[in-house]
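The values are calculated or read from the model by the stated rules, or taken from the named source; none is laboratory data. Please read these numbers as outputs of a predicted model, since none were measured by experiment. Cβ: placed from backbone, ideal geometry, glycine included. Neighbour counts: every protein chain shown. Surface areas here come from the heavy atoms of the whole protein model, side chains and all, with no ligands, DNA or RNA. Shrake-Rupley method; radii C 1.70, N 1.55, O 1.52, S 1.80 Å.
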Amino acid sequence: MEQFEPGSLSPPQLAAIRRSLASGRGALTRRSLLRAGGIGALTVGGLYGLTGCGIPPAKREGDATTASDDHSASEKEIDFSNWTEYMDTSDDEKSRPTLEAFTKRTGIQVKYTEDINDNVEFFGKIRPQLAAGQDTGRDLIVVTDWLAARIIRLGWAQKLDPANLPHAYANLIPQFRNPDWDPGRAHSYPWTGIDTVIAYNAKATGGKKVDSVTQLLDDPTLKGRVGFLTEMRDTVGMTLLDQGKDPANFTTADFDGAIGRLQKGVDTKQIRRFTGNDYTADLDKGDLAACLAWAGDVVQLQAGNPDIKYAIPAAGYLISSDNLLVPAHAQHKTNAEKLIDYYYEPAVAAQLAAFISYVCPVDGVKEDLAKIDPALADNVLIVPDKEMAAKSHAFRSLTSEEETAYEEKFTKLIGA
């Protein structure tokens, strides 16, 4: 298992961070319907937060998760840190309806702060307190799966009490129930999910459907008009699936096989380029006929261009998540659990999904979402049906050694 040390980021990992800052998911805003993921956008302060000296060593896997004194019974409050534009607002943007309804029902006041701009920067903010065994001043945070995995392994997330999470336990959709980094969701629950799919411009393809990585890499009619992503997990993960491998359980030989397959696409100039979110303009114009894409982007592009289509390969697609965690030493754990559970009530989840348009992790939401917007309720990129869910795959957790080696190979492939 990974032994993550402050300051352990290797040059290839830092290169991946810089790519994400320039054009990857880390460069995206929430309202563009893409999460900041992978390593996340990097600021100088965020980097030094990860690599600075003078911080006590991280806890090791196997240490008991630190529980703090819970003041929820006497202090009806929660400090909740989230990403920007990741919560429903009123039309005048002066209120947050679901949060206000929660306070009205429970009497718990929510101090809601949009102070997460990317994963690395935010981790740099809270890591010193967590490493020192101190309260971060936050009772609930939302971080992407790879960072959630690290926080949990370091013993810096509190174990959740199932007794306070009846709706969450009952309504979490199956595809998110058992990630390898938090079996059984002992410490986390998804806030939203994000799909990696194939998108194509039907006008640019002459009406031809593009629905596999094999087609992206081998179809001569697409030569020079194909895009893959600069995020390693997305591009390699989708290629692994196309080769009959499981992204949740692959070997280094499997990884190398996927890199070799992609390298052939580079060498033959089948692949035009590797992109971050900037593929959207090229796809919209038809300069890219087909590419790997993030589903939220597809939803937006389709609103303005009827030629934009998407496909779920028969081999499957990748899905990842942003996740709710209660940090170690948080002072209002029970209140935070009540808020997590509240967002797993279908009617509440529908209000949130209608605003942010990400994959909703709550089972039974479709009927309530249909009352708000039938088109959203029928969109499997937001409410996956059984067939869609069955095709989803997660990219497994990597050790520090694997991440360094894999990012180095991927960086060489894409010429970054």
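Of the conditions (1) surrounded by 24 or more Cβ atoms within 10 Å (Cβ to Cβ); (2) in contact with a Lys or Arg (Cβ under 8 Å, 6 or more places away or on another chain), L216 fails just one. Which one is it?
Condition not satisfied by L216: (2).
Over 20 Å from I312 (Cβ atoms) and either within 24 Å of the chain's Cα centre (by Cα) or in contact (Cβ under 8 Å) with a residue 24 or more places away in the chain (or both): which single residue out of K245, K223 fits that description?
Details: K245 fails: over 20 Å from I312 (Cβ atoms).
That would be K223, the only listed residue that is over 20 Å from I312 (Cβ atoms) and either within 24 Å of the chain's Cα centre (by Cα) or in contact (Cβ under 8 Å) with a residue 24 or more places away in the chain (or both).
In a loop (DSSP other than H, G, I, E, B), open to solvent by 10 Å² or more (accessible area, probe 1.4 Å) and under 26 Å from K111 (Cβ atoms), is that true of Q351? Spell out how you get there, then give the answer.
Values: in a loop (DSSP other than H, G, I, E, B): no; open to solvent by 10 Å² or more (accessible area, probe 1.4 Å): yes; under 26 Å from K111 (Cβ atoms): yes.
Judged against the criteria, Q351 is not a match.
Under 7 Å between Cβ atoms, which residue pairs at least 6 apart in sequence (or on different chains) link something in segment 179-193 that is at pLDDT 95 or above with a partner that is of a type in the set (D, E, K, R) and not in a strand (DSSP E or B)?
Cβ pairs passing all conditions: R185/R177; A186/K159; H187/K159; S188/D182.
State the number of residues belonging to segment 199-213 that are aromatic (F, W, Y) and surrounded by fewer than 21 Cβ atoms within 10 Å (Cβ to Cβ). Please lay out each step first, then the result.
So the first thing to find is which residues in segment 199-213 are aromatic (F, W, Y), and the list is 200.
Restricting the remaining residues to those that are surrounded by fewer than 21 Cβ atoms within 10 Å (Cβ to Cβ) gives none.
Adding up the residues that qualify gives 0.
Criterion first (on the phi < 0 side of the Ramachandran plot, open to solvent by 20 Å² or more (accessible area, probe 1.4 Å), of a type in the set (A, V, I, L, M, F, W, C) and not assigned by TED's automatic domain parsing to the domain that holds D284) does A314 satisfy it? Let's see the steps before the verdict.
Values: on the phi < 0 side of the Ramachandran plot: yes; open to solvent by 20 Å² or more (accessible area, probe 1.4 Å): yes; of a type in the set (A, V, I, L, M, F, W, C): yes; not assigned by TED's automatic domain parsing to the domain that holds D284: no.
When the stated conditions are applied, A314 does not pass them.
For the list (1) closer than 17 Å to H332 by Cα; (2) free of Cβ contacts under 8 Å to residues at least 40 places away in the same chain; (3) open to solvent by less than 10 Å² (accessible area, probe 1.4 Å), I need the number of the one condition that A163 fails.
For A163, the exception is condition (3).
Can you go through I198, I173 and tell me which one is over 21 Å from V236 (Cα atoms) and among the aliphatic types (A, V, I, L, M)?
Details: I198 fails: over 21 Å from V236 (Cα atoms).
Only one candidate passes the filter, namely I173.
Examine segment 157-164 for a residue that is at pLDDT 95 or above, among the small types (G, A, S), touching a strand residue (DSSP E or B) at 6+ places or on another chain (Cβ under 9 Å) and over 30 Å from L283 (Cβ atoms), and state whether such a residue exists.
Yes, some residue in segment 157-164 is at pLDDT 95 or above, among the small types (G, A, S), touching a strand residue (DSSP E or B) at 6+ places or on another chain (Cβ under 9 Å) and over 30 Å from L283 (Cβ atoms).
What is the number of the single condition among (1) open to solvent by less than 40 Å² (accessible area, probe 1.4 Å); (2) in contact (Cβ under 8 Å) with a residue 40 or more places away in the chain; (3) within 26 Å of M238 (Cα to Cα) that K409 does not meet?
In the conditions (1) open to solvent by less than 40 Å² (accessible area, probe 1.4 Å); (2) in contact (Cβ under 8 Å) with a residue 40 or more places away in the chain; (3) within 26 Å of M238 (Cα to Cα), K409 misses (1) alone.
Output the residue which, of all residues in segment 128-149 that are crowded, with 21+ Cβ neighbours inside 10 Å and among the charged types (D, E, K, R), is nearest to S72 (Cα to Cα).
It comes out as D139.
Pairs, please: C-beta under 6 Å, at least 6 apart or cross-chain, first residue over 11 Å from R225 (Cβ atoms) and in segment 279-299, second part of a helix (DSSP H, G or I) and polar (S, T, N, Q)?
The qualifying pairs are D297/T280.
For segment 260-288, name all the residues that are part of a helix (DSSP H, G or I) and crowded, with 19+ Cβ neighbours inside 10 Å. Please lay out each step first, then the result.
Step one: filter segment 260-288 for residues part of a helix (DSSP H, G or I), giving 260-267, 279-285.
Correct list: L262, G265, Y279, T280, D282, L283.
Name every residue in segment 330-348 that is surrounded by 19 or more Cβ atoms within 10 Å (Cβ to Cβ) and either at pLDDT below 95 or among the basic types (K, R) (or both), in order of residue number.
K333
Of the residues that make up segment 371-393, is at least one within 16 Å of T235 (Cβ to Cβ), modelled with pLDDT of 90 or more, open to solvent by less than 60 Å² (accessible area, probe 1.4 Å) and not assigned by TED's automatic domain parsing to the domain that holds T235? Quick ask: steps written out before the conclusion?
From segment 371-393, those within 16 Å of T235 (Cβ to Cβ) are 393; that's our starting set.
Checking the rest, the ones that are also modelled with pLDDT of 90 or more come to 393.
Now drop any that are not open to solvent by less than 60 Å² (accessible area, probe 1.4 Å), which leaves 393.
From what's left, not assigned by TED's automatic domain parsing to the domain that holds T235: 393.
Yes: one or more hits.
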